[in-house]
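A quick write-up on the structure given underneath.
Please treat every number below as a calculation from the coordinates, not as lab data. All values derive from a computational prediction rather than experimental measurement. Positions of Cβ are generated from backbone atoms using ideal geometry, with glycine treated the same way; all protein chains shown enter the neighbour counts.
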Amino acid sequence: MCSRDEIDKITVAYPNIPGLKDFWADIESKKIEFINYRFDSLTVDKNFLNLNFYRLLKRERRVVEEKVKRENYDLLFAHAPTDVLILKNFLEQTSTIFYSAIPSYARVWPFEIAIVKYLERLRKVICVSEFMQDEIKRILPSKKNIYMIHNGIELENLKSNPPTSVKNIGVVARFEREKNVVLAIKVFRFLIKKYGYLSLHLFGDGSKKRTVENFVRRNKIKSVYFHGFVKNTDEIYSKIDLLVVPSKMETLSLVIFEAMSRGIPVVASNVGGIPEIIKDGYNGFLAEPNVKSFIDKITRIIENPEIINDFGKNYAQTLSKFDIREKFEDLYKVLFDQA
């Protein structure tokens with residue numbers, strides 16, 4: 001057990017974590033070092049059947065292992081199963097904590113065996129949703145140190161500016177299999193025929209982007225715009241009146257927080273940790289991940305725009321449960337045995 005003042009330095013290998021610097025509140029002492037190894041930024045199908053995936057893991061493991069050997073860390077804080085695989089040679093010498101999600105491909109045999117092998121050796125496992133906690137407990141029934149700390153959003157940066165109607169529909173996601181972007185396009189293909197004034201805006205990049213682009217071109221679907229990866233979230237949400245989250249699986253979905261913070265209504269798949277944020281009909285709509293269900297829910301908002309204000313009245317209460325500063329405090333306690 002140690003206090004915050006006793007920690008010499010924390011190295012974060014995934015720097016895009018909102019509020020982390022402010023939480024530590026000691027930037028001048030250089031206690032926080034941000035590094036970014038390239039794995040997360042590269043476009044690759046993160047599937048255990050993909051040979052490029054293995055090549056990338058091998059290359060990135062060399063980069064990270066050199067850093068870990070040089071610094072001689074006391075604690076490693078892995079963000080994803082790929083990080084655990086990269087750091088596998090250090091699981092015996094170092095207290096390693098895993099924090100994130102088990103992707104869909106890793107939850108089926110035989111890939112689940114490899115993930116379980118490594119997770120069983122970790123000191124603690126921290127999950128970002130109740131759904132993920134249940135999943136971890138299912139594959140690690142004998143493990144005791146499993147915690148749940150929701151991810152969150154900075155409440156100080158809320159910028160609510162709700163639309164009055166729906167004209168521009170948005171999807172903010174990586175173009176990967178589990179994000180299911182093609183489902184949103186199939187839904188939009190129906191909606192554009194019924195309501196000719198709509199447009200669909202796709203924000204993101206990924207290994208399946210060309211597949212999605214080809215689907216749009218092959219089916220001659222008009223008013224679909226690919227914006228690529230956009231870092232400025234204000235730029236994203238100023239362009240859309242409705243966020244659609246068509247995922248097959250989501251651990252929690254930060255884009256839902258982002259949309260709510262700007263007063264934008266959300267229709268999302270009833271999967272994973274999403275129901276821990278959205279209560280159907282209260283602060284958004286939950287849809288089954290199929291075309292008919294999404295069409296039904298989106299149509300209700302298009303034809304009854306007063307629903308946007310009804311949802312908006314409940315956003316503040318929803319987001320207050322996901323204050324990132326409180327989550328960092330909880331995380332700190334678990335990391336340093338003060339829970």
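Structure summary
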{"quantity": "Test item: Cα-centred dipole of the range 216-286, Lys/Arg +1 and Asp/Glu -1 on Cβ, debye", "calculated": "520"}
{"quantity": "Listed pairs Lys167/Lys193; Lys179/Lys222; Lys222/Lys248 exceeding 18 Å between Cα atoms", "calculated": "Lys179/Lys222; Lys222/Lys248"}
{"quantity": "Potential lengthening between Glu329 and Lys313 on full extension [0.36 nm per residue; Cα-Cα distance subtracted]", "calculated": "3.0 nm"}
{"quantity": "Residues in the range 263-280 reached by a label modelled at Arg300 [backbone nitrogen below 18 Å; 7 Å Cα→Cβ]", "calculated": "264-271, 274-280"}
{"quantity": "Extension gain from Glu120 to Ile221, taking 0.36 nm per residue of separation minus the Cα-Cα distance", "calculated": "31.6 nm"}
{"quantity": "The range 108-189: C-alpha gyration tensor shape, a/c 1.5 cut-off, then a/b vs b/c", "calculated": "oblate"}
{"quantity": "Set of lysines near Lys67 by C-alpha distance (under 27 Å), chain-local residues within fewer than 8 positions excluded", "calculated": "Lys9, Lys21, Lys30, Lys31, Lys46, Lys58, Lys88, Lys117, Lys124, Lys333"}
{"quantity": "Residues Lys193 and Leu158, FRET efficiency given R0 of 30 Å [Cβ-Cβ distance, rounded to 0.05]", "calculated": "0.25"}
